[in-house]
Every structure is written in structure tokens, then in C-alpha cells.
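K.L.:
Structure provided below as C-alpha cells; questions to follow.
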Amino acid sequence: MNTIRSTLEEWANSDIRVLVLTGTGKSFCSGVSLGDVGTGDWSNNPLTALCDTVENFHTPTICALNGGVYGGGAELALSCDFRVGVVGIKMFVPAIKIGVHYEATGIARYVQKLGSQSARRVFLLAEKFEDKALLDIGFLDFLVPAAESDAHVDTLCDTIGGAAPLAVQGMKRTILEVSRGNLDADAAAKRTAASFASQDHREGLAALSQKRKPLFKGC
């Protein structure tokens with residue numbers, strides 16, 4: 001977890017336009033090792049720190065869920081802006097099964113992304129969600145056959161990567177602040193003004209009038 005977090009911190013404010021997080025094997029992530037849950041100092045939860053870093057990453061993030069996702073791995077997926085799951089995917093958070101009160105910051109992330117009632121189903125019932133149910137509660141944005149997952153993620157990357165970075169990154173920040181209930185209206189207004197004053201805005205207008213694809217440079 002710390003390795004991923006430190007890497008993302010190194011990439012902060014880079015010219016990366018979209019970030020994809022995925023796994024290998026049959027599962028995306030099996031969560032925190034049960035042997036580690038009851039040991040060590042969890043007052044500064046490394047999972048929370050990683051999820052916060054992913055959620056606050058300056059540019060949009062896509063979680064390509066190549067398989068099942070369990071425990072803390074589900075929160076990691078929720079930290080991304082978009083989630084693409086494969087047919088047959090399952091999700092399960094077993095906190096109550098092992099006598100654990102899931103961290104409040106993580107519960108807040110579930111409530112923020114899925115709503116309080118879905119959070120109750122996740123934590124108080126330890127419900128096992130299958131693919132279509134994950135789509136229904138909003139955990140997944142897209143559900144595709146495994147053979148089509150890479151192409152679908154590539155399409156999303158092309159859409160985001162081809163858009164104006166100032167506008168995309170600014171609106172990501174605004175959406176995140178609004179969803180958390182801590183919108184900095186002055187900062188959001190400055191981001192809006194900066195986008196209108198940017199070269200990319202002029203390029204977008206020119207491309208529209210000339211009926212061609214815009215070439216945005218992030219300035």
C-alpha cells in the first residue's frame with residue numbers, strides 16, 4: 001500500500017491525464033491480510049491513506065476491476081472516479097464477520113459514493129454483491145465481458161485524455177468537494193475563470209468551428 005501511495009504522490013501535479021488502477025490474477029484485490037488486522041498500530045490506517053491519495057489524485061482515475069474485490073480492496077476501488085467491472089465480479093466486505101468496526105473514514109467514503117442505505121447493506125449485513133447488483137447500487141459504472149474490458153477502459157482513457165486537462169481536472173476537484181460538502185466556492189470560481197482564459201478554450205472553439213478534433217495542451 002505504501003509503495004503505491006508513494007508512487008502516486010511522486011506523480012502529483014504531473015502531466016498524466018488519466019490513471020488506470022487494476023490487478024492481476026482472478027481477483028482485483030482480496031483486501032487487507034486477516035493476519036494483519038489485529039496487529040500493529042492502526043490509528044494511522046495505511047489503507048485510508050492510500051484511498052485518500054487515490055481519491056485526491058489530480059486527474060481522473062479508472063479502476064479496471066479484473067475480478068472479485070473484497071474487504072479494503074472495495075474501498076480502494078471506490079476511491080477511483082470510475083469503475084469498470086467484468087461479468088461475474090463479486091464484492092464482499094466481511095468486517096462484521098471478524099468483529100471489526102470498519103474505519104469511519106472508509107464508511108464515509110461508501111456513504112458518499114453509494115448512499116447510506118447501500119452502506120448499511122455492505123457493513124451491517126455483510127451482503128455479498130454480484131455483478132448486476134454492483135451496477136444497481138452504483139459501485140460499478142460499467143459492466144462488460146472480460147474480453148471487452150481492456151477495450152472499454154481504453155475508450156474511457158481516450159475520452160478523458162483527449163479533453164482539456166484544465167477543465168477536466170478542475171471539474172474533478174469541484175465534484176469531489178461538492179460530494180463531500182466542503183466546496184471552496186472561490187477556488188472553484190477561479191478554476192472556471194482560468195478555463196475560459198486558457199489557450200485550450202480558444203483551441204476548442206477553433207476546432208469546433210473548423211469541424212476537427214481539438215489538440216489540447218493543458219494551458
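K.L.:
Taking a temperature of 10 °C and a viscosity of 1.306 mPa s, what whole-number D in µm²/s does Stokes-Einstein yield for region 1-126 with Rh from Kirkwood over alpha carbon pairs?
P.N.:
Translational diffusion coefficient: 105 µm²/s.
K.L.:
For the Cα atoms of the chain, what angle does the longest principal axis make with the long axis of helix 165-180, in degrees from 0 to 90, nearest 10?
P.N.:
On a 0 to 90 degree scale, this one is about 40.
K.L.:
Report, to the nearest 10°, how far helix 46-55 tilts away from the longest principal axis of the Cα atoms in the chain, using its own Cα long axis and a range of 0 to 90°.
P.N.:
30
K.L.:
In the chain, what cysteines have no partner Cβ closer than 4.7 Å?
P.N.:
29, 51, 157, 219
K.L.:
Calculate the radius of gyration of the Cα atoms of the chain to one decimal place, then report Dmax, the largest Cα-Cα distance, as a whole number, both in Å.
P.N.:
18.8, 62
K.L.:
Taking 0.36 nm per intervening residue step and subtracting the Cα-Cα distance, what contour gain separates residue 116 from residue 2 on full extension?
P.N.:
Answer, rounded to one decimal: 38.1 nm.
K.L.:
May I pose another question? Does anything in region 133-153 have its amide N under 18 Å from the 7 Å Cα→Cβ label point of residue 26, and if so which residues?
P.N.:
Of the residues in region 133-153, 146-147 have backbone N under 18 Å from the label point off residue 26.
K.L.:
Per residue of the chain, what 222 nm ellipticity follows from adding -39500 (n - 2.57) for every DSSP H run with n ≥ 4, rounded to the nearest 500?
P.N.:
About -14500 deg cm²/dmol.
K.L.:
To continue, here is another question. Obtain the nm distance between the two label points defined at residue 202 and residue 98 by a simple spin-label model: each point lies 7 Å from its Cα along the Cα-to-C-beta direction.
P.N.:
5.7
K.L.:
Where does region 162-219 land on Rg(C-alpha)/(2.2 N^0.38 Å)?
P.N.:
Rg over 2.2 N^0.38 Å, computed on Cα atoms: 1.25.
K.L.:
Let me ask you something else. Taking the convex hull of the alpha carbon atoms in region 132-198, what volume per residue do you get, in Å³?
P.N.:
With only Cα atoms used, region 132-198 gives 85 Å³ per residue.
K.L.:
At 1.4 Å probe size, with every protein chain present, just tell me what the per residue accessible area of the chain comes to in Å².
P.N.:
With the other protein chains kept in place, the chain gives 55 Å² per residue.
K.L.:
Relative contact order, percent, of the chain when contacts are C-alpha pairs under 8 Å separated by at least 6 residues?
P.N.:
This gives 18 percent for the chain.
The values are calculated or read from the model by the stated rules, or taken from the named source; none is laboratory data. Treat the numbers as computed from the prediction; the structure is a model and nothing was measured. Reconstructed Cβ throughout: ideal geometry from the backbone, glycine too, with neighbour counts over all protein chains shown. All accessible areas refer to the heavy atoms of the entire protein, side chains included, with ligands and DNA or RNA removed. Shrake-Rupley method; radii C 1.70, N 1.55, O 1.52, S 1.80 Å.
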